[in-house]
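Read the structure below first, then the notes.
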Amino acid sequence: MAISFESHIRHHHNRPSIQQRGGKQQSSSANPINQGHGQDLFVNSRDSGFHDFNAAKTLGQRLQELGRQQRAGGNSAMFGQQVGEDKVHVRGEAPLPTPVPINDPAFLNNNNREMQGLESVILARSFVTNPPTRIDKLVGKVPNLKDLSWCKDCTYKGSPNTNNMCANFATAILTTTQGLKMQDSAVDYISIPRIRPALKAQGWHSVSRDKAMPGDVWLSDSHIEIISTKGGTHSIGSNTDPQRGYQYVTERPRSGGTILTRRTIR
Amino acid sequence: MRDSICRLLLFTLALSLYLASPVLADEKPQLSSMFPHLKVINLRLESEWSVLNLRGKDDNEEPFEIMALCQKVDGKWVVCVKGGGVFDPALLSDYGVPDSTIRKFYPSVKEEKLQQLLSGRGDPLWEFTQTMPVGAAYLQFLTPWQLTMMRAEIFARHGRSFEDPYLKAYFSSRPWYKADAQYSSESLSSVERENAKSISDFQTANGLLFRAVR
C-alpha cells in the first residue's frame, strides 16, 4: 500500500509543471475541478486522469475492511498467508510486498490522510495556470472558495477578493479534500488568526520539513499554503504578485514557516 | 488640465483634513511604531480601536500583507491580533470590539449581512485548550494579548470571575461567559491545568505578558 502512494507521488512530481512545459490554459468545463488547465495536465479530473488515485482509495478501503475483520477476530490469517515470512523465494519471482501493519489504526488513518493530502494538491494544482490566474477570478470555480466582495471595507483596496485570499484559498482546498470543518456557519476561516486555531482544534500538528508530505499545510504569521511535494520543498497558494499588487494562484519553492499535518508521525 | 486641478484640490483637501485631525495625527506614529518592520498602508480608527493594513517582506524578500487589530488600553496601544487574510466583522467581534464600533469599521457592509455575521459568533476563541495540549510551536505566533486572554479563557469557561477590570469587561461581553460564584480550580481538567501553566511559562520566559490574570 505504501509503495502505491510513493509511486503515485513520484509520478506526480516527475511530471513537469505547466509553466515548465509552457502549457496553455484551455477551455474549462463545468466541473470546478477542471477549471484552469488543459487536457495534458497530469490530473485533469476525477473521471479522466485520476484512475490511479481511485484505485489506491479502493485499496485503502479494502485495507480498512480487513483491519476491521481482524480486530473483530475474523480472518487474521489472510495477510499472514499472503505476505508470510516463511514463503520461499523462487528465482525470478517478484519480491514479496512489505507486510502492512494492518492492526495499527494509525497506519490506516494515515493511509486515508495521505490520499486526502494528495487530493488537496491535485485540486490546488488544477488552478495553477500559465499565466497565473488572479484569485478573484476563481470565485465560483474553486469549491468552497468564499466570495468576499461583500466586505469592501475589509482591506484598503476595497476588495479582499484581489489581495487577501490566501487563507480563503487554503481553507477551500482543505474543506473540500481533507474534511476541515467550519466552527459555525457565520465564521469563515479567511484569516490566519481564524484558521490557525481551527487546524489545531481539528488535530493538525507541527511536523519537521523532512517529514512533510503533499497536502500538509505551510503556515506563517502572514500566509498559508498547501505543501505540494514530499519534504515540503514547494507549496501552492494564493500569492501576491509584487508588480501587480494582486494575488494569483501559484506553486513556488517554499522555506521557513511552520508545517502542519494531520497525519500521525511515528 | 481640469482633471489635474481637481485632483490637486482633492489631495490638498484630504491632506488638510488629515493634518486637522489631531486624533489620527497623534495616534498614527504610536500605532506605526508597534510594527517597526512593516509599512502601514491603511489605518482606521474608531474610539479606542484601530484596524491596520500592513505590508512587509519575508525572509525570501517576498511581499506580504497582514492586518492587525489594536486597542488602546490604559492609555497605551496594544496589538490584540495580527495576521494574514481578511479580518471580517465576526473576527473583530470575537476579539471584543463592540458592535457599534464594528459598524463604523465596515460602513459598506449591509446591515443584514452584519447581523448574520454577528449573530453567528459566540464560541470561545480557543476552545480546543479543553482537550488538546498547547506548546511553544503554537504559542509563538500569538500576541501578548492573545496569550493572556487564552489563559484567562481557560478559567472563564468554568465560570471564574475576574477582579481585573479589563478582563471582567471582556468576558462579561462574551455570549458564552457565565460567572459562577461556586467556581473552583478543581473543575479544570488536567489538560486545561497543564495548558494554563504552559501559557504562563511561555509568557514569563519570553516577556509576553499583557496583564496578570486576576
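Pairs exceeding 28 Å between alpha-carbon atoms, taken from B:LYS72/B:LYS168; A:LYS146/B:LYS104; B:LYS76/B:LYS104; A:LYS181/B:LYS57; A:LYS200/B:LYS104: A:LYS181/B:LYS57; A:LYS200/B:LYS104. Among B:LEU117, B:LEU147, B:LEU31, which one moves the most in a GNM of chain B with springs linking Cα atoms closer than 10 Å? Per the Cα network of chain B with a 10 Å cutoff, B:LEU117 tops the list. Modelled spin-label separation between B:GLU111 and B:GLU48, with each label point placed 7 Å from Cα along the Cα-to-Cβ direction: 2.8 nm. Per-residue extension of 0.36 nm, minus the Cα-Cα distance of B:THR204 and B:ALA179, leaves a gain of 6.3 nm for this segment. In the elastic network of chain B, a GNM with C-alpha springs shorter than 10 Å, the most mobile of B:GLU194, B:GLU163, B:GLU61 is B:GLU61.
Residue-wise HN-Hα couplings along the range B:103-111, as the Karplus relation 6.51 cos²θ - 1.76 cosθ + 1.60 with θ = phi - 60° gives them from phi, are 4, 6, 6, 10, x, 8, 6, 5, 4 Hz; Gly and Pro carry x. Here the gap between B:MET132 and B:ASN60, fully extended at 0.36 nm per residue and compared with their Cα-Cα distance, gives a gain of 22.6 nm.
Using a 10 Å cut-off on Cβ to Cβ distances, tally the other chain neighbours for every residue of A:127-136 and report the average as a whole number.
That works out to 0 on average.
Counts of other chain beta carbons within 10 angstrom of each beta carbon in peptide A:236-243 average 2.
Let a ≥ b ≥ c be the square roots of the eigenvalues of the Cα gyration tensor of the range A:141-262; is it rounded (a/c under 1.5), or, if not, prolate (a/b larger than b/c) or oblate? It is oblate, given that a/c is not under 1.5 and a/b is not larger than b/c. For the range B:29-77, the normalised intensity computed at q = 0.13, 0.21, 0.24, 0.29 Å⁻¹ comes to -0.31, -0.71, -0.86, -1.12 (log10 of I(q)/I(0), Debye sum over alpha carbons, equal scatterers, no solvent). Rounded to 0.05, the FRET efficiency of the A:LEU96 and A:SER255 pair, given R0 = 35 Å and the Cβ-Cβ distance, is 0.35.
Normalised by the number of residues in chain B, the average gap of Cα pairs under 8 Å and 6 or more apart makes the relative contact order 14 percent. Segment B:SER100..B:ALA212, full-extension length gain: 37.5 nm, with 0.36 nm per residue of separation and the alpha-carbon distance subtracted.
Read the figures in this text as sums done on the coordinates, not as results from a lab. Bear in mind that the values here come from a model prediction, so they are computed numbers and not experimental data. Here Cβ is always computed from backbone atoms with ideal geometry, including for glycine, and neighbour counts include all displayed protein chains.
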